[in-house]
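Here's the structure we're looking at; comments come further down.
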Amino acid sequence: MMDTANLSTLLETLCPMFVMVDGEGKILNAGPTLQKLRPDQPMKGRAFPDLFELVRPRTITTIPALLSLAGGKVHLKFHDEPRTALKGLIAPLPDGNGAIINLSFGISILDAVRDYALTSADFSGTDLAIELLYLVEAKSAAMEASRSLNLRLQGAMLAAEEQAVTDMLTGLKNRRAMDLVLGHLISGGSAFALMHLDLDYFKSVNDRLGHAAGDFVLQQAARIMEEETRNEDTVARIGGDEFVIIFKSLVDEAVLSDIAARLIKRLRQPMMFQGAPCQVSASVGTALSTQFNTPDAAELLNAADQALYEAKRQGRSRHCLYSSLGEAGIKTASSH
């Protein structure tokens, strides 16, 4: 006949959630996993009813009645928090010396794994809970991998979309972005101004100091244009040394002329590249959406281009505002 000590050793391997009680309900031993649920409260020697609340069957109210349930199933909860739910199967010991109650988590296993940081080592190797844990871990890993992949794909899509409308040298918007903004403003009936800016003498910088110096000048010019405009404005590089600025909801000619004057003044200042001065200036032409009964992107760009050509014709480093008040209805540019 196996004594209780040897039986407990065997049960620790086969049933790590067992509790062995004597005929009076005192706990003789508890499985390692069960004890892990209350690491600061040694269960051995305590009264079973002090630790566990019997939930079902409700008709069982005494230890003798509990121990008489040979092969019976019980539902328990811990008295203290966390009040983990447990299921148990009762196996009486010989000669009325008590019983072994083999416990499990049932449907609360996932909560228990989370609450007590349980691993597969805390369960019997044949326990179906192990398979469930593997499935849950696999599902969690798959969901995390899917979430991570989706985030990377979204990031890549956003980066690709941003790259598609960005001038990579200056960080400004490109011509495609300009076309999108113009289309949006025109379709929405918004009033706006379109300023076309061209760097004067830029070719001489490239010829004298090389393309690295030219790239430097373009980057500095882009910075200046961004500093002299608002967040809601669009600054785009549409060609080698050509830029377009779209001023949303701004059609005040005096304000636009002041902005153009500041841009010209700042761009006229020498830009030092590796100790050598890079000297450029800017010619600027501006057209207003309000100058046309039915604004058209190509028509607006052409009008601003005409104003820019007039600024260059008048000696460069100046701003011209497009006007529709020319002789015989011919659109010309007026200088400011």
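Here are the numbers for this structure:
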{"read-out": "The chain: relative contact order in percent, alpha carbon pairs under 8 Å with at least 6 residues between", "value": "11 percent"}
{"read-out": "Sparse-neighbourhood loop sites, GluC sites (Glu not before Pro) in the range 1-106 - DSSP loop, at most 13 other Cβ within 10 angstrom", "value": "E24"}
{"read-out": "Three-way shape label, the range 1-94, alpha-carbon gyration tensor, a/c 1.5", "value": "oblate"}
{"read-out": "222 nm mean residue ellipticity, helices alone, for the chain (DSSP H n ≥ 4; -39,500 (n - 2.57); rounded to 500)", "value": "-13500 deg cm²/dmol"}
{"read-out": "Percent carbon-and-sulfur accessible area, the chain, ignoring ligands, DNA and RNA, probe 1.4 Å", "value": "55 percent"}
{"read-out": "Cross-link pairs beyond the 19 Å C-alpha cut-off, checked among K248/K312; K36/K87; K36/K73; K203/K312; K173/K312", "value": "K248/K312; K36/K73; K173/K312"}
{"read-out": "Solvent-accessible area per residue for the range 4-123 (1.4 angstrom probe, square angstrom)", "value": "52 Å²"}
{"read-out": "Mean separation of Cα contacts under 8 Å (6+ apart) over length of the range 4-123, as relative contact order %", "value": "24 percent"}
{"read-out": "Contact order normalised by residue count of the range 192-299, Cα under 8 Å, 6+ apart, percent", "value": "42 percent"}
{"read-out": "Where only alpha carbons of the chain are counted, the Rg and the Dmax (Å)", "value": "41.1, 123"}
{"read-out": "Trypsin sites (Lys or Arg not before Pro) restricted to the range 26-81 and DSSP loop, no more than 10 other C-beta within 10 Å", "value": "R58"}
{"read-out": "Charge sum, other residues only, whose C-beta stays under 13 Å from V181's C-beta, Lys/Arg counted +1 and Asp/Glu -1", "value": "+1"}
{"read-out": "Cα-based shape type of the range 175-328, given that a ≥ b ≥ c are square roots of the gyration tensor eigenvalues and the cut on a/c is 1.5", "value": "prolate"}
{"read-out": "Amide hydrogen neighbours beyond the local backbone of D200, cut-off 5 Å, H modeled", "value": "S281, A282, S283"}
{"read-out": "For Y309, solvent-accessible area (1.4 Å; no DNA, RNA or ligand), Å²", "value": "150 Å²"}
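The values are calculated or read from the model by the stated rules, or taken from the named source; none is laboratory data. Small disclaimer: the values here were computed from a predicted structure and weren't measured. Counting neighbours? That spans all protein chains shown, and the Cβs are built from the backbone with ideal geometry, glycine included. Accessible surface areas use protein heavy atoms only, side chains included; no ligands, DNA or RNA. Shrake-Rupley method; radii C 1.70, N 1.55, O 1.52, S 1.80 Å.
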